[in-house]
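Participant: To start, I am sharing the structure in question, which I have written as structure tokens.
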Amino acid sequence: MTRRLATVALMDERTESGVGRIQAEIAVLFRRTRVYFRDAASDVHPDLQPAAYAVLVRLVVDGPMRASTIVDYFAADKGAVSRQVAQLEGLGFVRRDADPQDGRAQIIEATPIGVRRCRAARERNQRAMRDQLGNWDPSEVAMLGDLLHKFNTTAADVARERIDETDVKA
């Protein structure tokens, strides 16, 4: 085996090992994230579903939007988003108004109490994360943020390519 082929084989072995480790760590992160969303939703209201909390966060962070934008953002089912918005509306955390550009559509907006409770829950969670990362070197915190951003950007690109391929085949 040539030196170049041996190097490529070693890189493939390291990459494969790294991919397995990343999969395992992401699985742990997903489990922790589910707990995070469950607890954060409960902080906002004891009956609030975690998926509805995620919708509320998006509305607080990005501002008013159509339900279709929420569906696209989460790649979710329209019916599921409709149920989440209905729960948020029933709890007084969002309101629906007619879209001024298209009277058939509705704009969903977080209410002042929805904004306050969501921000309070997010601040509690951010304090907990700052405590968790308190012993990390600031460059490690920045590196983790950069790597997660790169990973999520790549994942979004791959998802878009899959959707484009599906559209072409249809």
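Participant: If I compute solvent accessible area with a 1.4 Å probe over the protein chains, what percent of it on the chain is carbon and sulfur?
Facilitator: Here carbon and sulfur together make up 55 percent of the probe-accessible area.
Participant: Return one number: the angle in degrees, 0 to 90 and rounded to the nearest 10, between the long axis of the Cα atoms of helix 50-62 and the longest principal axis of the Cα atoms of the chain.
Facilitator: In the chain, helix 50-62 runs at an angle near 80 degrees to the longest axis.
Participant: Can you give the accessible area per residue of region 15-167, in Å², using a 1.4 Å probe?
Facilitator: Per-residue accessible area for region 15-167 comes out at 69 Å².
Participant: If you plug each phi of region 84-101 into the Karplus form 6.51 cos²θ - 1.76 cosθ + 1.60 with θ = phi - 60°, what whole-Hz ³J(HN,Hα) values come out, in order, with x for Gly and Pro?
Facilitator: 5, 5, 4, 5, 4, 5, x, 8, x, 8, 9, 9, 10, 10, 5, 6, x, 8
Participant: Compute the FRET efficiency between I113 and M65 as 1/(1 + (r/R0)^6), taking r as their Cβ-Cβ distance and R0 = 25 Å, and round to the nearest 0.05.
Facilitator: 0.85
Participant: Counting only residues 5 or more places away or on other chains, whose amide H sits under 5 Å from the amide H of T111 once H atoms are built in the peptide plane?
Facilitator: Amide H neighbours of T111: V94, R95.
Participant: While we're looking at this one, here's another question. Calculated from the structure, Cα extents along the principal axes in Å equals which of [x] 68, 50, 24; [y] 124, 37, 14; [z] 60, 32, 29?
Facilitator: The value matching this structure is [x].
Participant: Turning to a different aspect of this structure: HN-Hα J couplings of region 32-43 from phi, Karplus 6.51/-1.76/1.60, θ = phi - 60°, integer Hz, Gly and Pro as x?
Facilitator: Per residue, the Karplus-derived 3J(HN,Hα) values read 5, 5, 4, 5, 4, 5, 4, 5, 5, 4, 5, 5 Hz.
The values are calculated or read from the model by the stated rules, or taken from the named source; none is laboratory data. From a predicted model like this one, the values you see are computed outputs, not experimental measurements. Using ideal geometry, Cβ is built from the backbone for each residue, glycine included, and neighbour counts are taken over all protein chains shown. The protein model used for the area step is the full one, side chains on, heavy atoms only, and it has no ligands, DNA or RNA in it. Shrake-Rupley method; radii C 1.70, N 1.55, O 1.52, S 1.80 Å.
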